[in-house]
Amino acid sequence: QVQLVESGGGLVQAGDSLRLSCAASGRTFSNYAMGWFRQAPGKEREFVARISRGGTNTVYVDSVKGRFTISRDNAKNTVDLQMNSLKPEETAVYYCAASSGIVVVTKTTGYNYWGQGTQVTVSS
């Protein structure tokens, strides 16, 4: 089992920045690729970003490229999501997730463990 706890959400204005953090405990953190997803009211959960086990490879959804940065610290068992130039349409609950798979996946089914989520609200 891997336990994931997100933090850092809040209410910001359009154009502001926010940094989300996810703390992991349980099994060896470096054995898992990590991802961030988000879910807006009435919508499906969507992929945002993914980082490989060692942190050398990252993948982003096109809409956040150049504005969001995913990073991890395997010594501290944390994965962060730096979000810049936030937009109102990015208001959602943001989830971190752990994947034991090797192949890069952007679907929720590719992740084994999930946090409880943290709310991000971007006002216009």
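The values are calculated or read from the model by the stated rules, or taken from the named source; none is laboratory data. Nothing here was measured: the structure is a model prediction, and the numbers come from that model. Glycine gets a Cβ as well: all are built from the backbone with ideal geometry, and neighbour counts include every protein chain shown. Only protein heavy atoms, including side chains, enter the accessible area calculation; ligands, DNA and RNA are left aside. Shrake-Rupley method; radii C 1.70, N 1.55, O 1.52, S 1.80 Å.
Table for the structure above
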{"item": "Relative contact order %, the chain, counting alpha carbon pairs below 8 Å whose residues are six or more apart", "result": "36 percent"}
{"item": "Label-point separation, Gln119 to Ala75 (7 Å along Cα→Cβ), nm", "result": "3.6 nm"}
{"item": "Portion, in percent, of the accessible area of the chain that falls on carbon or sulfur, probe 1.4 Å", "result": "48 percent"}
{"item": "Test item: Cα-centred dipole of the chain, Lys/Arg +1 and Asp/Glu -1 on Cβ, debye", "result": "280 debye"}
{"item": "Value of Rg/Rh across the chain [Cα atoms, Kirkwood radius]", "result": "0.94"}
{"item": "Residue-normalised accessible area of the chain, expressed per residue, 1.4 Å probe, Å²", "result": "50 Å²"}
{"item": "Global geometry of the stretch 59-106, whether rounded, prolate or oblate, following the gyration tensor of its Cα atoms and the 1.5 cut on a/c", "result": "prolate"}
